[in-house]
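The values are calculated or read from the model by the stated rules, or taken from the named source; none is laboratory data. All of these numbers come straight from a predicted model, not from anything done at the bench. Ideal geometry is used to build each Cβ from the backbone, glycine not excepted, and the neighbour counts take in all protein chains shown.
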Amino acid sequence: MTQFLIGIDHIQIAAPPNSEEQARKFYGELLGMKEIPKPENLQARGGCWFQCGTQEVHIGVEADFTPAKKAHPGFTVHALEQLKSRLIAADFPITEEPPIAGRARFFTQDPFGNRIEFLEFD
């Protein structure tokens with residue numbers, strides 16, 4: 001069988017209309033992702049894009065938005081405990097889950113209620 005897939009270019013996380021500034025504060029300022037320009041032909045759709053390592057995170061506006069409660073991105077980080085403290089200080093909820101061998105992790109929610117996981121490998 002031919003292997004077609006070679007990696008992930010981006011993930012898209014849905015958000016409600018007019019939420020770009022909240023996305024910039026959370027994904028840009030709080031998490032430290034660099035905002036990158038959306039292509040001009042897609043700008044009218046709203047949302048914003050960020051760089052995360054070699055991948056991109058696209059925050060896409062959805063008119064009848066419902067937050068993802070189970071599906072989620074898992075972001076690898078360094079200094080997991082510092083990030084957790086930063087999120088707690090900014091009043092974001094932290095959920096601890098059973099550990100996975102070789103990695104520490106926790107979950108939070110973005111400003112729109114989407115589930116987000118952060119992991120640090122041993």
Pair list, Cβ under 6 Å, 6 or more apart: the stretch 66-91 residue small (Gly, Ala, Ser), other residue in a loop (DSSP other than H, G, I, E, B): Ala68/Asn114
Filtered residue count, the stretch 39-63, keeping only those that are outside any strand (DSSP E or B) and either among the β-branched types (Val, Ile, Thr) or within 13 Å of His10 (Cα to Cα) (or both): 2
Residue, surrounded by the most Cβ atoms within 10 Å (Cβ to Cβ), within the stretch 70-79, restricted to residues that are closer than 23 Å to His10 by Cβ and more than 13 Å from the chain's Cα centre (by Cα): His78
Selection from the stretch 18-30 of residues that are of a type in the set (A, V, I, L, M, F, W, C) and either without any contact (Cβ under 8 Å) to a residue 12 or more places away in the chain or touching a Pro at 6+ places or on another chain (Cβ under 7 Å) (or both): Phe26
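Per-residue answers, yes or no, for (1) in contact with an Asp or Glu (Cβ under 9 Å, 6 or more places away or on another chain); (2) modelled with pLDDT under 95; (3) in a helix (DSSP H, G or I):
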residue: Met1; (1), (2), (3): no, yes, no
residue: Ala14; (1), (2), (3): yes, no, no
residue: Glu21; (1), (2), (3): no, no, yes
residue: Arg24; (1), (2), (3): yes, no, yes
residue: Gly28; (1), (2), (3): yes, no, yes
residue: Gly32; (1), (2), (3): no, no, no
Subset of the stretch 74-91 [part of a loop (DSSP other than H, G, I, E, B), of a type in the set (A, V, I, L, M, F, W, C) and farther than 17 Å from Cys52 by Cβ]: Ala90
The stretch 31-60, residues that are without any contact (Cβ under 8 Å) to a residue 40 or more places away in the chain and of a type in the set (Asp, Glu): Glu35, Glu40
Tabulated pairs, the stretch 98-113, first free of Cβ contacts under 8 Å to residues at least 24 places away in the same chain and loosely packed, with under 10 Cβ neighbours inside 10 Å, second in a loop (DSSP other than H, G, I, E, B) and charged (D, E, K, R), C-beta under 6 angstrom, 6+ apart or interchain: Gly102/Asp122
Extreme residue, farthest from the chain's Cα centre (by Cα), among residues of the stretch 1-27 that are under 17 Å from Gly53 (Cβ atoms) and either surrounded by fewer than 16 Cβ atoms within 10 Å (Cβ to Cβ) or among the polar types (S, T, N, Q) (or both): Ile6
Residue tally, condition under 17 Å from the mean Cα position of the chain (by Cα), part of a loop (DSSP other than H, G, I, E, B) and either farther than 18 Å from Met33 by Cα or of a type in the set (Val, Ile, Thr) (or both), over the stretch 92-103: 2
